[in-house]
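A short write-up of the structure that comes next.
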There are 2 protein chains.
Amino acid sequence: MVQDQTNKLARADKSELRRQRIIEAAATLFILKGFHQTGMRDIAGQAGISLGNLYNHFKGKHEIIAAIAEMETAEMEPLLDLLETPGAKGRDVLIPFAKAYFRTCSLPENAALSAEIIAEIFRNPETGRAFSGTRKRLVTALEPHLPETFSNRAAAAGLVLDLIERAGQSAAGTSDRAHKDIETALLEMLMRTIEPV
Amino acid sequence: MVQDQTNKLARADKSELRRQRIIEAAATLFILKGFHQTGMRDIAGQAGISLGNLYNHFKGKHEIIAAIAEMETAEMEPLLDLLETPGAKGRDVLIPFAKAYFRTCSLPENAALSAEIIAEIFRNPETGRAFSGTRKRLVTALEPHLPETFSNRAAAAGLVLDLIERAGQSAAGTSDRAHKDIETALLEMLMRTIEPV
DNA sequence: AACTAACGTACGAACGTTCGTTTTTTATTG
DNA sequence: CAATAAAAAACGAACGTTCGTACGTTAGTT
């Protein structure tokens, strides 16, 4: 009579798990081929399910993209925490953040995906908007750690983020040596940026 | 008996002109919608010719993209000249270059196109390669103007270019005020980067 | 019995490309 | 100069695929 809560949860979990697998499959393909070169059939195939069933889990392609945006946002949370560490200020928080953010951005998956997203923002601001929420939070969190000598710290914070992101993209997929060189140059550049002249 | 050279040239010019119009039409649409969202019919329509005729001028879509890459390369020439001005060194050449390059990168057309290209490099290195020639030349030309304190000036030069490019992308399409703020922050950041600490 | 997940199929639209044909321009004759 | 053959440019229809999406049905769980 009493419903089996264990199994009920197990079922819901199972569904959630499959949903997650679909998202991962989609992400893999989006990274590899881009949003618009990836078809629903590709996603279904990669996830190991049928095309019809894919539509049982997602209303459409846009919903899958939105889910990936959400995932991306969640992954950024630890980095935001890093910036918002109470007490710590300036270089002591900025350099560790830069290292961590660079590491994230230079992961081939993230680099390719973020390139895809930036392009998407230009051609389709609506879809792009889903991704740009995190960005604003990063700028806000980063801003107070920059020197006051900047005439517009918010703009400078945006640039610092841009720099780290692009550095990561450039470093993605290169040899360990080149990767390290870029990271070193990035940190040297940031040190100069932070240092009051 | 003797061929009419005048008319012959006129004809060749006319054909070249039409070719150019097609490229411009394609560029407009690529910027607006991206490479893969732009169809051959769209391009033909925008250029004011028929679909069939489009294939009389280009073997296929890839050839149009290649032509645009070539155009892009040509547009970069003046900036390279700026960096290679004999005699001038360091800040005296870097700041003017940064201003000019930023201006170029923040033109909405260029910003969108370069975002598209970067994404394309990740998903299709082959096509992307057509675009990356200029980049190397810029790095080489920029490198000697950076301070020797960088442990790897080539890497640093790459970063400086990345920074300017992304700054331009961020500034593209924003208000004049925001645009100026970003440029100012960029220049401040570059001054700090160039200045020996 | 009710619900859900899974499936395969079907649809109309759009894709890049090819094709045969017509129109326009150029070159070569009479 | 007029007539005509040759070439180039332009066209629209059609090719086979693939696209995102919708639908009806079957199998399995509660």
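Confirm whether residue B:69 is within 14 Å of chain A (Cβ to nearest Cβ), away from DNA strand D (no atom under 13 Å from the Cβ) and touching a residue at least 24 places away in the same chain (Cβ under 8 Å).
In short, no.
Somewhere in segment B:32-41, is a residue without any contact (Cβ under 8 Å) to a residue 60 or more places away in the chain, part of a helix (DSSP H, G or I) and away from DNA strand D (no atom under 11 Å from the Cβ)?
The answer is yes, given that some residue of segment B:32-41 is without any contact (Cβ under 8 Å) to a residue 60 or more places away in the chain, part of a helix (DSSP H, G or I) and away from DNA strand D (no atom under 11 Å from the Cβ).
Surrounded by 12 or more Cβ atoms within 10 Å (Cβ to Cβ) and within 13 Å of DNA strand D (Cβ to nearest atom): is that true of residue A:88 in this structure?
In short, no.
Could you figure out which of (1) more than 14 Å from chain A (Cβ to nearest Cβ); (2) within 15 Å of DNA strand D (Cβ to nearest atom) isn't true of residue B:61?
For residue B:61, the failing item is (1).
Got a number for residues in segment B:172-190 being facing another protein chain (nearest Cβ under 9 Å) and within 15 Å of residue A:160 (Cβ to Cβ)?
Adding up the residues that qualify gives 7.
Here are some conditions: (1) free of Cβ contacts under 8 Å to residues at least 12 places away in the same chain; (2) more than 7 Å from chain B (Cβ to nearest Cβ); (3) assigned to a helix (DSSP H, G or I). Residue A:142 meets all but one. Which one does it not meet?
(1)
Given (1) facing chain B (nearest Cβ under 8 Å); (2) modelled with pLDDT of 95 or more; (3) surrounded by fewer than 17 Cβ atoms within 10 Å (Cβ to Cβ), identify the lone condition not met by residue A:151.
(2)
Could you list, in sequence order, all residues of segment B:163-187 that are at positive phi and in a helix (DSSP H, G or I)?
Across segment B:163-187, there are no qualifying residues.
Out of B:17, B:54, I need the residue that is within 16 Å of DNA strand D (Cβ to nearest atom) and in contact with a helix residue (DSSP H, G or I) (Cβ under 8 Å, 6 or more places away or on another chain). Which one?
Result: B:54 is the single residue among B:17, B:54 that is within 16 Å of DNA strand D (Cβ to nearest atom) and in contact with a helix residue (DSSP H, G or I) (Cβ under 8 Å, 6 or more places away or on another chain).
Tally up the residues in segment A:108-158 that are aliphatic (A, V, I, L, M) and over 17 Å from the mean Cα position of the chain (by Cα), please.
Adding up the residues that qualify gives 5.
Please specify each residue of segment A:85-116 satisfying the condition of being touching a residue at least 60 places away in the same chain (Cβ under 8 Å), in a loop (DSSP other than H, G, I, E, B) and within 21 Å of residue A:146 (Cα to Cα).
A:90
Exactly one of these conditions fails for residue B:97: (1) more than 10 Å from every other protein chain (Cβ to nearest Cβ); (2) surrounded by fewer than 21 Cβ atoms within 10 Å (Cβ to Cβ); (3) over 14 Å from the mean Cα position of the chain (by Cα). Give me its number.
(2)
Please work out if residue B:194 is in contact with a Cys (Cβ under 8 Å, 6 or more places away or on another chain), closer than 23 Å to residue B:84 by Cβ, more than 8 Å from chain A (Cβ to nearest Cβ) and among the hydrophobic types (A, V, I, L, M, F, W, C).
no
Do you know which residues across segment B:30-58 are within 14 Å of chain A (Cβ to nearest Cβ) and over 16 Å from the mean Cα position of the chain (by Cα)?
Listed by number, the residues that qualify are B:33, B:36, B:37, B:38, B:39, B:42.
In the set A:131, A:122, which member is among the aromatic types (Phe, Trp, Tyr) and more than 10 Å from every other protein chain (Cβ to nearest Cβ)?
Result: A:131 is the single residue among A:131, A:122 that is among the aromatic types (Phe, Trp, Tyr) and more than 10 Å from every other protein chain (Cβ to nearest Cβ).
The values are calculated or read from the model by the stated rules, or taken from the named source; none is laboratory data. Everything numeric here is computed off the predicted structure, so don't read it as measured data. We place every Cβ from the backbone using ideal geometry, glycine too, and count neighbours over all the protein chains shown.
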